[in-house]
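Where a number appears in this text, it was derived from the coordinates with a stated rule and is not lab data. The structure displayed is predicted, hence computed values, not measured ones. Positions of Cβ are backbone-derived with ideal geometry, glycine not excepted, and every protein chain shown enters the neighbour counts.
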Amino acid sequence: MFFSPFLATRYLRPKRSFVSIITIISILGVSLGVWALVVVVAVFTGYGEKIKSSILGFEPHIVITAGGVIREVGEVYEELLEVEEFESVTPFVQGRVIMDFDGLRNAPTIRGILPPTGAEFERLDGMIAEEVNPAFPDDPDQLIKKGTFDVSDPYSCVVGDSLAKGMGIEVGSRLLLYSPGDMQKILDAVCCATASRAVPRSASISSSCSGCCTSRHAIP
């Protein structure tokens, strides 16, 4: 007999009594160990799926870029639609902007996409954040969505939940966005206004103001 079966038989079937304390401890130890392992694996599997859906929910699995703007976007778009392995294809433009809301400013990344349809719209709309229903404050099954993923209006947008909470943005709020090209004009105007306050009233502001603004407020 091998050593492992001999040792198990020796302690599981003691000679002096029907059940020994060592047998009970052994069975309970193995049972608790297996139970803890099953619980940990189940929790981490669900947590991993939650993190995966949160990170990849709005991020595409594959991004095709040309290191800049794709000029022949129509041809590329049609070719990708013919690939059977792709469930959906969406051209987009992306960049950083300055967002102003109620005197608060931030520099988020904005992404312009075509309005999704069909299953893609349902998937994205299903990821909209939820809040407590005032009519059922204690019922977690009666949560209501904070808006919808309908971006058919060119002046509409979907804002991240954490950004919205940090700046107090609600559904229907009006946001003001500045593109990087507009920012240079704004900085030039601020520089000119600052220079006009520094010179005497009898003096005139020359064209050197723009040079001052460029050196002090150049965008990297």
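Please compute, over every Cα-Cα pair in region 46-122, the percentage with a separation greater than 15 angstrom. Before the final figure, lay out each step's value.
Values: 2065 of 2926 pairs.
Result for the distance tail: 71 percent.
On each of the three principal axes of the Cα atoms of region 91-147, give max minus min coordinate, whole Å, ordered largest first.
40, 36, 12 Å, listed from the longest principal axis down.
Using a Förster radius of 30 Å, what is the FRET efficiency between Ile27 and Lys52 based on their Cβ-Cβ separation? Nearest 0.05, please.
Numbers: r = 37 Å, r/R0 = 1.25.
According to the calculation, E is roughly 0.20.
Under 5 Å between amide H atoms, partner at least 5 residues away or on a different chain: which partners does Leu114 have, H built in plane at 1.01 Å?
Under 5 Å from the amide H of Leu114: no residue qualifies.
Just in region 78-113: which chymotrypsin sites (Phe, Trp or Tyr not before Pro) are loop by DSSP and have at most 16 other Cβ atoms within 10 Å?
Working: sites: Phe86, Phe92, Phe101; in loops: Phe86.
Within region 78-113, the qualifying chymotrypsin sites (Phe, Trp or Tyr not before Pro) (loop, at most 16 other Cβ atoms within 10 Å) are Phe86.
Just the Kirkwood number for region 15-160, please: inverse of mean 1/r across all distinct Cα pairs, in Å, one decimal.
Details: mean 1/r = 0.0482 Å⁻¹.
About 20.8 Å for region 15-160.
Between Lys146 and Thr65, what length comes free when the chain is fully extended (0.36 nm per residue of separation minus the Cα-Cα distance, one decimal in nm)?
Computed gain between Lys146 and Thr65 is 25.9 nm.
Work out Dmax and Rg for region 123-183 from the C-alpha atoms and quote the Rg first, both in angstrom.
Answer for region 123-183, Rg first and Dmax second: 14.4, 48 Å.
For the ranges 3-10, 148-155, what's the packing order if you count other beta-carbon atoms within 10 Å of each residue, average per peptide, and put the highest first? Before the final figure, lay out the partial values.
Details: 3-10: 9.9, 148-155: 11.6.
Per-residue mean Cβ counts within 10 Å order the peptides as 148-155, 3-10.
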